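Report on the structure given below.
The values are calculated or read from the model by the stated rules, or taken from the named source; none is laboratory data. Just so it is clear, the model here is predicted, and its values are computed rather than measured. Note that we place each Cβ from the backbone using ideal geometry, even for glycine, and neighbour counts take in every protein chain shown.
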Amino acid sequence: DSGVTQTPKHLITATGQRVTLRCSPRSGDLSVYWYQQSLDQGLQFLIQYYNGEERAKGNILERFSAQQFPDLHSELNLSSLELGDSALYFCASSPDHRGEAFFGQGTRLTVV
Amino acid sequence: AQSVTQLDSQVPVFEEAPVELRCNYSSSVSVYLFWYVQYPNQGLQLLLKYLSGSTLVKGINGFEAEFNKSQTSFHLRKPSVHISDTAEYFCAVSGEDSSYKLIFGSGTRLLVRP
């Protein structure tokens, strides 16, 4: 158990819908990362937050947004969903900015 | 920008044989390097890390890796593998070049055969 909690574990939704994925980092970790993992794209970095502030942005679509709240939990919002958004979404947390990240079990999103 | 190349998409090996999974990175400044393992239907687990200091780092499950700055490599090794080591292995880098984003390679599937 990495100490990072992601909910829900599975999500099935229709195209055009909006979903929210939730992540609780390890106690004391200030950094939260979001990744998308799919068979064709591999593990893609989406976005990183550090102590509530956006720190780095990767290949995150405009339909996607994220935030980190004062209690350090984070949410990833995916809207206007398309079939191609089906993937495993991972959250990871880190005690600092160097990248030693601890991953959650992921949320498997299926868009039908 | 930083990038990571894992040269082998799949490495088959017999049980109890040694294995090396190759990783090369590109960066113009100092880096932090990591190896993660992903078992089926699970998240990624940190195997080992290089942040500074000794270039030979030891991790969990008997794995070790050596940071070679001149060759920009961080290959993962294990002297004797077990069936249970079958998994996907990811090399990752972070550093100033990437604004400390953790950038992953495409992964190497280690397949241990009896």
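Yes or no, residue by residue, for (1) crowded, with 19+ Cβ neighbours inside 10 Å; (2) within 22 Å of B:Asp97 (Cβ to Cβ):
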position	(1), (2)
A:Leu46	yes, yes
A:Glu53	no, yes
A:Gly58	no, yes
A:Gln68	yes, no
A:Leu72	yes, no
A:Leu76	yes, no
A:Ser79	no, no
A:Pro95	no, yes
A:Ala101	yes, yes
So for segment B:37-51 (the condition being in a strand (DSSP E or B), touching a residue at least 40 places away in the same chain (Cβ under 8 Å) and of a type outside the set (A, V, I, L, M, F, W, C)), does at least one residue qualify? yes
If only one of B:Gln42, B:Gln38 is surrounded by 17 or more Cβ atoms within 10 Å (Cβ to Cβ) and either within 11 Å of chain A (Cβ to nearest Cβ) or in contact with a Leu (Cβ under 6 Å, 6 or more places away or on another chain) (or both), which one is it? B:Gln38
For segment A:20-40, enumerate the residues that are touching a residue at least 12 places away in the same chain (Cβ under 8 Å) and assigned to a loop (DSSP other than H, G, I, E, B). A:Pro25, A:Arg26, A:Ser27, A:Gly28, A:Asp29, A:Leu30
Looking only at residues that are more than 26 Å from A:Gln41 (Cα to Cα) and crowded, with 16+ Cβ neighbours inside 10 Å in segment B:67-114, which one is farthest from the other protein chains (Cβ to nearest Cβ)? B:Val81
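Pull up segment B:10-35, narrow it to residues that are assigned to a loop (DSSP other than H, G, I, E, B) and at pLDDT 95 or above, then point me to the one that is surrounded by the fewest Cβ atoms within 10 Å (Cβ to Cβ).
Only one residue tops the list, namely B:Pro18.
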Options A:Gln67, A:Gln48; residue that is farther than 18 Å from A:Leu11 by Cα, within 11 Å of the chain's Cα centre (by Cα) and more than 14 Å from chain B (Cβ to nearest Cβ): A:Gln67
Answer yes if at least one residue in segment A:46-56 is of a type in the set (D, E, K, R) and under 23 Å from A:Val112 (Cβ atoms), and no otherwise. no
Which one of the conditions (1) among the acidic types (Asp, Glu); (2) free of Cβ contacts under 8 Å to residues at least 40 places away in the same chain; (3) part of a helix (DSSP H, G or I) does B:Glu66 fail to meet, given that it meets all the rest? (3)
A:Phe69 meets each of (1) touching a Cys at 6+ places or on another chain (Cβ under 6 Å); (2) over 27 Å from B:Trp35 (Cβ atoms); (3) hydrophobic (A, V, I, L, M, F, W, C) with one exception, condition (1)
Determine, yes or no, whether A:Gln17 is away from every other protein chain (no Cβ under 11 Å), under 13 Å from the mean Cα position of the chain (by Cα) and either surrounded by 20 or more Cβ atoms within 10 Å (Cβ to Cβ) or in contact (Cβ under 8 Å) with a residue 60 or more places away in the chain (or both). no
For segment A:87-104, state whether one or more residues are more than 19 Å from B:Gly95 (Cα to Cα), within 14 Å of chain B (Cβ to nearest Cβ) and in a loop (DSSP other than H, G, I, E, B). yes
